[in-house]
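The values are calculated or read from the model by the stated rules, or taken from the named source; none is laboratory data. The structure displayed is predicted, hence computed values, not measured ones. Cβ placement follows ideal geometry from the backbone for every residue including glycine, while neighbour counts extend to all protein chains displayed.
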Amino acid sequence: MQKQLTRRIAGEIVVSESPGETMRKWREIFDLSQKEFANLLEVKPSVVCDFEKGRRASPGIGTVRRFVEAMVDYDSAHGGKVVNSMSERRTNEAIVDIKEFTSGMAIESMLETIEGEIIAGKEELLSRPIYGYTMVDSLKAITTYNAFGEMYGWSNERAVFFSGVQYGRSPMIAVRAHPVKPRMVVYVKPKAVDPLATKLADMERVVLVKTRLEEKAIIEKLRYLK
């Protein structure tokens, strides 16, 4: 799994239009500061910063592989939280669509794209980056607990859309019960929103949003995000 993951991440960085941004995305997913990452590589933090800011020439595959191996090896040596969470997903009928971004997108930027209205979530949370999204059938998800592990793809730092929502209580109860939390939960055309859902979102520091767009329209808009 480690070798497969290393090849997957390294390949994404190399083919990215902004390799520095993609490298930063993965460093943040592995929860490493620039200083911590630099220590693993035995270089100065400014070297890592320069690569991520694009101030150095795009790194070759050898350099990228070294960077990725350092992150994966570190994670594996400390319990493998990230590596284990990225094991290959099983097909789950609750997941309608899923996509990863090559670089982070601020929550406030996604809100504009999906014409979203914030129901719960402090302003300070809106600048947090999102690295992907998952569209989920609400009813199927809450009756299939495993769906909540599989819906996070390569990172839980994502937006999870729930379609078929009636009042929004059940999805947020399920989110609270699962140990891994998304950064944003979006209700697609809900009939109403139960006050308990907003309370749970605030407790879990999850931005809760609703949109009047149809499921297909949302997927079409998000398909072109990088």
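Brief remarks on what is shown
- Restricting the range 69-82 to residues that are crowded, with 19+ Cβ neighbours inside 10 Å and either at pLDDT below 85 or of a type in the set (D, E, K, R) (or both) leaves a set whose member that is farthest from Ile9 (Cα to Cα) is Asp75.
- Subset of the range 90-129 [in contact with an Asp or Glu (Cβ under 6 Å, 6 or more places away or on another chain) and either free of Cβ contacts under 8 Å to residues at least 40 places away in the same chain or closer than 13 Å to Ala159 by Cβ (or both)]: Leu126
- Within the range 39-55, the only residue that satisfies the criterion of being exposed (fewer than 14 other Cβ atoms within 10 Å of the Cβ) and either within 16 Å of Val14 (Cβ to Cβ) or assigned by TED's automatic domain parsing to the domain that holds Ser103 (or both) is Gly54.
- 1 or more residues among the polar types (S, T, N, Q): qualifying helices (runs of 4 or more DSSP H) within the range 162-226: 169-177, 195-203
- Given (1) in contact with a strand residue (DSSP E or B) (Cβ under 8 Å, 6 or more places away or on another chain); (2) in the same structural domain as Lys191 (by TED's automatic domain parsing); (3) of a type in the set (Ser, Thr, Tyr), index of the condition Ser109 fails: (1)
- For the range 5-38, filtered to residues that are modelled with pLDDT under 85 and part of a loop (DSSP other than H, G, I, E, B), the residue that is surrounded by the most Cβ atoms within 10 Å (Cβ to Cβ) is Ser16.
- Residue in the range 93-113 that is among the charged types (D, E, K, R), at pLDDT 85 or above, under 21 Å from the mean Cα position of the chain (by Cα) and assigned to a helix (DSSP H, G or I) present: yes
Rundown of residues vs (1) crowded, with 23+ Cβ neighbours inside 10 Å; (2) at pLDDT below 85; (3) outside the structural domain of Ile9 (by TED's automatic domain parsing), yes/no style:
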{"site": "Tyr133", "(1), (2), (3)": "yes, no, yes"}
{"site": "Lys140", "(1), (2), (3)": "no, yes, yes"}
{"site": "Tyr145", "(1), (2), (3)": "no, yes, yes"}
{"site": "Gly149", "(1), (2), (3)": "no, yes, yes"}
{"site": "Asn156", "(1), (2), (3)": "no, yes, yes"}
{"site": "Ala159", "(1), (2), (3)": "yes, no, yes"}
{"site": "Tyr167", "(1), (2), (3)": "no, yes, yes"}
{"site": "Pro182", "(1), (2), (3)": "yes, no, yes"}
{"site": "Lys191", "(1), (2), (3)": "no, no, yes"}
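- In a residue-by-residue description of the range 24-34, the property of being free of Cβ contacts under 8 Å to residues at least 12 places away in the same chain and over 19 Å from the mean Cα position of the chain (by Cα) applies to no position.
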